[in-house]
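Inspection log for the structure reproduced underneath, given as structure tokens.
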Amino acid sequence: MAAPVIARIGWASALVVAAAVVTLMAQGQRGRGPQGPPEIAGKWTGTWSSFNPARSTEQPKEMCKQLDADIVRNGEVWVATFEGDCGRPYKYKISMNGRLSGGVVLFTGTADLGAQDGGVYDWVGRATAGEFIGFYTSARATGFFNLSRPK
């Protein structure tokens, strides 16, 4: 009769140990599940440039000193106000669609900046919590921008 009691105690001990191991593993996994999107809203600063992709070895046609952006999130849409000076001051408000992929936000957008500024532009971009880069193209221009958080 002692053998069945020892067997029950052995199984009960094994279950307790297994439960403890599962609990410890679950605690070790906290914070490793799906991550939310990085914080994109707020102030950004950097530069933009224009170039001809058919002449990729040439320097950019334009490299403007400053591009500032202020980004606000509204659901799955971000609204960016881009502002700077490149021969004359400019300021554009652009809606951007974004989706989370691999811990970054991938953006797409289309904006009509008016005939004076090149018309309709399409662009794609990627943002982390500290870097926001993008590539744009229109009927007359191609280029990129590179922004980071102000220091």
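Across the range 97-113, what is the total count of residues that are in a strand (DSSP E or B) and either touching a residue at least 40 places away in the same chain (Cβ under 8 Å) or touching a helix residue (DSSP H, G or I) at 6+ places or on another chain (Cβ under 9 Å) (or both)? Break it down into steps so the answer makes sense when it comes.
Looking only at the range 97-113, we keep the residues that are in a strand (DSSP E or B), and these are 97-101, 104-112.
Still in the list and also either touching a residue at least 40 places away in the same chain (Cβ under 8 Å) or touching a helix residue (DSSP H, G or I) at 6+ places or on another chain (Cβ under 9 Å) (or both): 98, 100, 104-105.
Summing the residues that are in a strand (DSSP E or B) and either touching a residue at least 40 places away in the same chain (Cβ under 8 Å) or touching a helix residue (DSSP H, G or I) at 6+ places or on another chain (Cβ under 9 Å) (or both) in the range 97-113 gives 4.
Looking at the range 22-37, is at least one residue in contact with an Asp or Glu (Cβ under 6 Å, 6 or more places away or on another chain), at pLDDT below 90 and over 20 Å from Arg149 (Cα atoms)?
Let us first name the residues in the range 22-37 that are in contact with an Asp or Glu (Cβ under 6 Å, 6 or more places away or on another chain), namely none.
No - not one qualifying residue is present in the range 22-37.
Applying the selection to the range 137-151, what residues are within 20 Å of Gly84 (Cβ to Cβ), of a type outside the set (Lys, Arg), without any contact (Cβ under 8 Å) to a residue 40 or more places away in the chain and open to solvent by 30 Å² or more (accessible area, probe 1.4 Å)?
Thr137 - this is the single residue of the range 137-151 that is within 20 Å of Gly84 (Cβ to Cβ), of a type outside the set (Lys, Arg), without any contact (Cβ under 8 Å) to a residue 40 or more places away in the chain and open to solvent by 30 Å² or more (accessible area, probe 1.4 Å).
So, of the residues in the range 114-136 that are in contact (Cβ under 8 Å) with a residue 24 or more places away in the chain, not in a helix (DSSP H, G or I) and not hydroxyl-bearing (Ser, Thr, Tyr), which turns out to be surrounded by the fewest Cβ atoms within 10 Å (Cβ to Cβ)?
Ala129
Take the residues in the range 83-113 that are under 17 Å from Thr45 (Cβ atoms) and among the aromatic types (Phe, Trp, Tyr); name whichever of them is least open to solvent (accessible area, probe 1.4 Å).
By that ranking, first place goes to Tyr90.
The values are calculated or read from the model by the stated rules, or taken from the named source; none is laboratory data. All of these numbers come straight from a predicted model, not from anything done at the bench. Positions of Cβ are generated from backbone atoms using ideal geometry, with glycine treated the same way; all protein chains shown enter the neighbour counts. With ligands, DNA and RNA removed, areas are computed over all heavy atoms of the protein, side chains included. Shrake-Rupley method; radii C 1.70, N 1.55, O 1.52, S 1.80 Å.
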